[in-house]
Structure formats: C-alpha cells, structure tokens
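Input: a single structure, listed below in structure tokens.
The values are calculated or read from the model by the stated rules, or taken from the named source; none is laboratory data. The structure displayed is predicted, hence computed values, not measured ones. Note that each Cβ is placed from the backbone with ideal geometry, even for glycine, and that neighbours are counted across all protein chains shown.
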Amino acid sequence: MDELAGTSVAVIGSGFGGLSTACYLADAGADVTVVEKNEQVGGRASVLERDGFRFDMGPSWYLMPDVFEEFFADFGKQPSDYYGLTHLDPHYRIFFKDNAGRRPGRDVPGLDVDTDGDTIDVTPDREQVKQVFDAYEPGAGDVLDDYLAKSRENYEIGMEHFVKTDRPRVRDWLDPSLAEYARGLSLLGSMQDHVEDYFDHPKLQQVMQYTLVFLGGSPNTTPALYNLMSHVDFNLGVYYPEGGMNGVAVGMADLARELGAEFLTDHPVTQIKGRRGGFKVETDGETGAVLADVVVSDADYAHTEQELLPPQKRQYDADYWESRTYAPSAFLLYLGVEGDVDELAHHTLVLPSDWQQHFDEIFEQPAWPDDPAYYLCVPSKTDDTVAPDGHSNLFALVPVAPGLDDTPAIRESYRDLVLDDIAENTDVDLRDRIVVEETFSVSEFADRYNSYQGTALGLAHTLRQTALFRPPHRSTALDGLYFTGAFTTPGIGVPMCLISGDITADYVIDDAV
C-alpha cells in the first residue's frame, strides 16, 4: 500500500488508538512520527516498576481477542508474533458483600455461601456457570443460554455494521439496509431494562452488568445494545497477555516500527500550528517541533481542542466539554505484598448488594463512595515475573467520580477504607504485609494523561453519547487534523480504540487520494 507515500503524519499520543492509527498509516506509506508525552509507550497502559514488582497501571482485561487477531492480520501478523496469551480459569471471581436476597442452599461448583456473603467463580465451563445461575433462580441457567444467544447475535451484527463502520451524520443512518441489520437487535432502552427482562435476582443482574465498568456507564444510562459485552465475557473468554496490557502496547509499537514509524517519548506537545500540508507540532522534548502534513491526536480530545489549538480552530467551546457526561476516574492502590492471596483470583470483583448507590455517587451526586464496588487484579496468579519470589502483586481499583478532590488526607483515609473492606469481604488482610505501595487517582489521571476532570476512560457511553453523538474523527474546524481513541467512535475500551485507529486512518487515506 502506498496511498500516503510522501505524506508525513504526526500522531500525538501512543495509547492504543494512536498505536493503531500509526500502524495503518505507516502501512499506507506515510512517514509517521508518534509524539508521546510520557517516558513510555502505551498511554494509560503504562507500567510501574518498583523493587522487583511490575504493575499494569491502566487496562488489565484482555477481552475481545477477535479484534486483536483482526488487527494484526491486517498486517500479515498474529498476536503470538508479539506476545503470548493465557486463557484465565476462572475468568473472574465475584465476592458479594452480603447475602441479601440469596437463595443458594446446595453445593454447586464455583459457588460458596457463608454467613457474610456469596462468592462465585465465572469459568470457561458454561455448564458450571449455569448451575450457579440455577442456584440463585430456578431456570436461570437455561435463560442464560437465551441471553447469550441474543448477546452473540448483537455482537456479530453490531460489530460488523454499527461498531466497525463509522456513521458520523444523521443521513448515514438512513441507509435502508440498516433496518435489516438492526431488526431484532437490542437497540432501545437501557441495560437495566434489558437484563431485567431475563433475570430477577439482583446478583445475577450484577453479573450480567459488571462489564459496564469498562464502558464507563451505569445500568440505567448505558444503551441495551451493550449486552453484546456478555458474549465477549462468556463466549469469547478472558485472557492474560504476556507482559500484561503494556506488553500488548509494546508489541503494537514494535509492529509500527517494523512498518516504518518513529517514536519520540518524553515529548509533551504544547501547541498545534498550521494546517494540512504545513503543520508544526510544538513540543517540550529534546527534538523540539515536529513538522507534518497531517496531524492525528490520540491525546484527550478536550485537552487537544482547549489547550493545543487556538479558539478559531476548535470545534467545541468550554461549555460543550463541561456539559458532557464522563466515565469514572479511579482510586488505585498498587500493592506488593508478602505471601500469597489464595482467596483472590487473577480478576476479582467485590460488589455491594445494592450497587446503584455507588453509580449515583459517580454520576448523580459525586462523592467518595462509602460502600464501594471495586476490582482487584492479581497478575502474579498467572505471571511469576511480576513479583519477587514469595510475594504477590495486586492492585485495587475503585471507580470514583471524575473531578473529585483527592488531597493527601482524603487519599490516606480512603486507602484505609479500601484495605479494611478487602479484609472484611474477602478474608484477605493485606495491611501488615505491604512492602511496596503506590496510589494513583483523579489528579494523576489529569496530570499524566491530560485527562479532562481526571476521567480514567473518556466520554461515558450514555444514550446521548453513542455513535454519531460522539465527537468526530475528522476535525470540522481545521483541515488536516484528525482524532482517534476513546472519545471518538466506537468508544471506550482497548479493542474499541484499535477499531478507532482503523477508522481514523481510513479518513486520512480517503482525504489524500
């Protein structure tokens, strides 16, 4: 491919959207320079190394393996050329904080019920999972088959015709063929409505909705179409990539270099000047400014427009960004601890019986959650290179509202709350075993990633912020400027950002030929 031969492109940011775009554009013959603010590639998929521990700082779930396979196949490669994969079993474990509404009263593989709360394992074994569902609600196992059949249908049709195809204008949705594709899809209503049509037990509803955390939405505001994520979870499986998610980013950067792209790390961009054919991307890095014919920004969309461009070259004003609904930020504890944590799986979720309060404290009445839902990741369960012998590597992630104050005093208090909650609800007391500890929260997301209000993910997937209601890939105010990543379509999540990079590259190529 040589559609872009002789065209220079500056890609700002090396998150998954930027890496994907860089690969496609370099493959099309462009001279690509990736300009990265921080000291390593990967964007939010950074890695933190301390005293023999290695932590994935950002995304840690490898979902939708088909998207990664299709991405590498576009370049005649496969994921195994860059990293290995381990299929996790269990996919994840859930601790429910209490037994409210419980029914289980018999022995079921992967289900433990004690006086305090329930623990369930979701494994690759469908029959085992169906037994767990039946234990909570008679007949729910067969209903799960029906739910996942619909989820598979939504995934296969939705991915092909609604996710991978960008439709930025209303008239793009008037194509008569879309009515045929959309027939039978769960397009209307919320995820809460959709799940309630299948399951009555609140804990089963939570199992089907936990993936909303990866979309940055709540059950009442996320479109029902995203039930397709259950196909991702139950049918496609959950994997761990060699080197963690940062290992995936490094593999994609290696591919980009093989295709001819160059990388400049430690180069914060301070300003974008010029227009198509004559851009100057100014940086604080050693190289100084980067000259390019075309610019693609994988940096936070709001930061790019509000901080890197003059007012006359912005598509949106400050009021627009202020009015958006943002996905959660996070309170993160990176912990190196002595000994094992046998009670935890590689991926563990700890959920209150009523998690609506937590969602309300993110989206409706922002506050530090008193009874948080949270996620624990223990990669040392699978990868013995991430911690010294005799130690465990884990992090705790609590979704919190973007824009919260996170002063040292607040963080110290909340750190104690989280560790107490872990001890109480998982029987894992970490407090006297910690040898390495780092925190990361709202202010670091803002400082390290120029993230608007410190959001960890970007724009939430609400009904009014999906598909054509997300900001466009192609700037309408500055010729030659494009955007990629989680603020654009198809949206939040590592696989979505890979697809976003493909879409953005197509726009760049189409405009050049």
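Some observations on this one:
- Flag for R314 being touching a strand residue (DSSP E or B) at 6+ places or on another chain (Cβ under 8 Å), of a type in the set (K, R), touching a residue at least 24 places away in the same chain (Cβ under 8 Å) and more than 30 Å from K77 (Cβ to Cβ): no
- Boolean, T348 is within 21 Å of P241 (Cβ to Cβ) and touching a residue at least 12 places away in the same chain (Cβ under 8 Å): yes
- Every pair of residues 6+ apart whose Cβ atoms lie under 6 Å, when the first sits in the stretch 278-307 and is over 17 Å from G480 (Cβ atoms) while the second is assigned to a helix (DSSP H, G or I): D300/Y452; A302/W321; A302/Y452
- G216 meets the conditions (1) modelled with pLDDT of 80 or more; (2) crowded, with 21+ Cβ neighbours inside 10 Å in every case but one. The failed one is (1).
- Selection count where residues are touching a residue at least 40 places away in the same chain (Cβ under 8 Å) and in contact with a Phe, Trp or Tyr (Cβ under 8 Å, 6 or more places away or on another chain), scope the stretch 458-473: 9
- In the set V296, V281, V269, only one residue is hydrophobic (A, V, I, L, M, F, W, C) and under 21 Å from the mean Cα position of the chain (by Cα); that residue is V296.
- So A401, is it closer than 30 Å to T484 by Cβ and not assigned by TED's automatic domain parsing to the domain that holds I94: yes
- Number of the condition not met by L468 [criteria: (1) surrounded by fewer than 20 Cβ atoms within 10 Å (Cβ to Cβ); (2) under 30 Å from G189 (Cβ atoms); (3) at pLDDT 95 or above; (4) not hydroxyl-bearing (S, T, Y)]: (3)
- Being closer than 30 Å to V378 by Cβ and among the hydroxyl-bearing types (S, T, Y) is a property that does not hold for T325.
- Boolean, W368 is touching a residue at least 12 places away in the same chain (Cβ under 8 Å) and either surrounded by fewer than 19 Cβ atoms within 10 Å (Cβ to Cβ) or polar (S, T, N, Q) (or both): yes
- When restricted to residues that are farther than 18 Å from G288 by Cα, touching a residue at least 60 places away in the same chain (Cβ under 8 Å) and not polar (S, T, N, Q), the stretch 1-29 contains 14.
- Scanning the stretch 419-455 for residues that are in contact (Cβ under 8 Å) with a residue 12 or more places away in the chain, farther than 15 Å from Y301 by Cβ and assigned to a loop (DSSP other than H, G, I, E, B) gives D427, V428, L430, R431, R433, S441.
- With respect to the conditions (1) touching a strand residue (DSSP E or B) at 6+ places or on another chain (Cβ under 8 Å); (2) within 24 Å of V294 (Cβ to Cβ); (3) crowded, with 19+ Cβ neighbours inside 10 Å, T489 falls short on a single one, namely (1).
- Of the residues contained in the stretch 154-163, one or more are found to be at pLDDT 80 or above and more than 22 Å from R470 (Cβ to Cβ).
- Elements of type strands (runs of 3 or more DSSP E) in the stretch 224-273, at least 1 residues being over 30 Å from T33 (Cβ atoms): 239-241
- Test for E258: is it modelled with pLDDT of 95 or more and either in contact with a strand residue (DSSP E or B) (Cβ under 8 Å, 6 or more places away or on another chain) or surrounded by 22 or more Cβ atoms within 10 Å (Cβ to Cβ) (or both): no
- Of the residues making up the stretch 8-36, those that are hydroxyl-bearing (S, T, Y) and surrounded by 24 or more Cβ atoms within 10 Å (Cβ to Cβ) are S14, S20, T21, Y24.
- Selected residue (criterion: modelled with the lowest pLDDT) from residues of the stretch 421-463 that are among the basic types (K, R) and either in contact with a helix residue (DSSP H, G or I) (Cβ under 6 Å, 6 or more places away or on another chain) or closer than 30 Å to K37 by Cβ (or both): R431
- Within the stretch 326-347, the set of residues being surrounded by fewer than 18 Cβ atoms within 10 Å (Cβ to Cβ) and either over 30 Å from D421 (Cβ atoms) or out of contact with any helix residue (DSSP H, G or I) (no Cβ under 6 Å at 6 or more places or on another chain) (or both) comprises E338, G339, D340, D342.
- Odd one out for V129 among (1) at pLDDT 90 or above; (2) surrounded by fewer than 19 Cβ atoms within 10 Å (Cβ to Cβ); (3) assigned to a helix (DSSP H, G or I): (2)
- The residues listed here are S441, S451; of these, the one that is farther than 18 Å from R324 by Cβ and crowded, with 16+ Cβ neighbours inside 10 Å is S441.
Let's see how each residue does on (1) of a type in the set (A, V, I, L, M, F, W, C); (2) more than 14 Å from A249 (Cα to Cα):
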position	(1), (2)
D31	no, yes
V41	yes, no
D56	no, no
P59	no, no
K77	no, yes
S80	no, no
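- Set side by side, the residues G15, G29 differ, and just one is touching a Cys at 6+ places or on another chain (Cβ under 8 Å) and either over 15 Å from G485 (Cα atoms) or not hydrophobic (A, V, I, L, M, F, W, C) (or both), which is G15.
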